[in-house]
1. Tell me, what is the FRET efficiency for residue 41 and residue 81 to the nearest 0.05, using R0 = 35 angstrom and their Cβ-Cβ distance as r?
2. Sorted by accessible area (1.4 Å probe), largest first, how do 98, 40, 73 line up?
3. Roll a 1.4 Å probe over the protein heavy atoms and report the accessible area of residue 104 in Å², nearest 10.
4. Simple spin-label model, 7 Å along Cα-to-Cβ: residue 34 to residue 56 in nm?
5. Whole-Hz ³J(HN,Hα) for each residue in the range 21-34, computed from phi via Karplus 6.51 cos²θ - 1.76 cosθ + 1.60 with θ = phi - 60°, x for glycine and proline: what do you get?
6. If contacts are Cα pairs under 8 angstrom and at least 6 residues apart, what is the relative contact order of the chain in percent?
7. Ranked by accessible surface with a 1.4 Å probe, highest first, in what order do 14, 26, 91 come?
8. When only the heavy atoms of the protein chains count and the probe is 1.4 Å, how do 71, 60 rank by accessible area, highest first?
Amino acid sequence: GDLDKVVNLLLSISGRLARVETALGSLGPHAPAEDKMALREKQRLLVAQLEDAKELKEHVGRREEAVGAMVARYLPAEHLQDYQHFIKMKSALITEQRELEEKIKLGQEQLLCLRESL
C-alpha cells in the first residue's frame, strides 16, 4: 500500500512540475513579471517536494527489502519468486497507468485548445 502511495505521489509531483515548466516555457517575453515569479516559486516548491518524495521512496524501498527478507524465510522458493514478481510489476503498472492518464489528460487539453481556436 505504501508503495502505491509513494509511486502515485512521485508521478503526481512530476506531472505538476512538468506542467509548470511547460507554462514557464510558453510565457512570452512580454508576460507579466508576477506570472513568471509565481511559476518559478511553484517550480521551486515542486522540486523540493519531488526530492522529499524520492527520499520517501528510498525509505519505502529499504522497508520493502526488510519485508522481503522476512517473507523469504517463510515462503518456498516458487512462491517467493511470485511475490517478488508481483511487487516489481505492481510498481511498473502503477507508473504506466499514471503515464497513460497524463497522456489522456494532455490530449483532452490539446483537443479543447484546438476546439477553442476554431
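The values are calculated or read from the model by the stated rules, or taken from the named source; none is laboratory data. Remember, predicted model here, so these are calculated numbers, not experimental data. All Cβ positions, glycine included, derive from the backbone under ideal geometry; neighbour counts span all protein chains shown. These area figures cover heavy atoms from the full protein model, side chains too; ligands, DNA and RNA do not enter into them. Shrake-Rupley method; radii C 1.70, N 1.55, O 1.52, S 1.80 Å.
1. Details: r = 48 Å, r/R0 = 1.36.
It comes to 0.15.
2. On the way: 98 50, 40 135, 73 170 Å².
So, going from the largest accessible area down, we get 73, 40, 98.
3. Surface open to solvent at residue 104 totals about 100 Å².
4. Calculated label separation equals 3.2 nm.
5. Listing the rounded values in order: 5, 5, 4, 4, x, 8, 5, x, x, 9, 5, x, 4, 4 Hz.
6. 41
7. Numbers: 14 50, 26 90, 91 25 Å².
Ranked from most to least accessible, the order is 26, 14, 91.
8. On the way: 71 35, 60 15 Å².
The residues order as 71, 60, largest area first.
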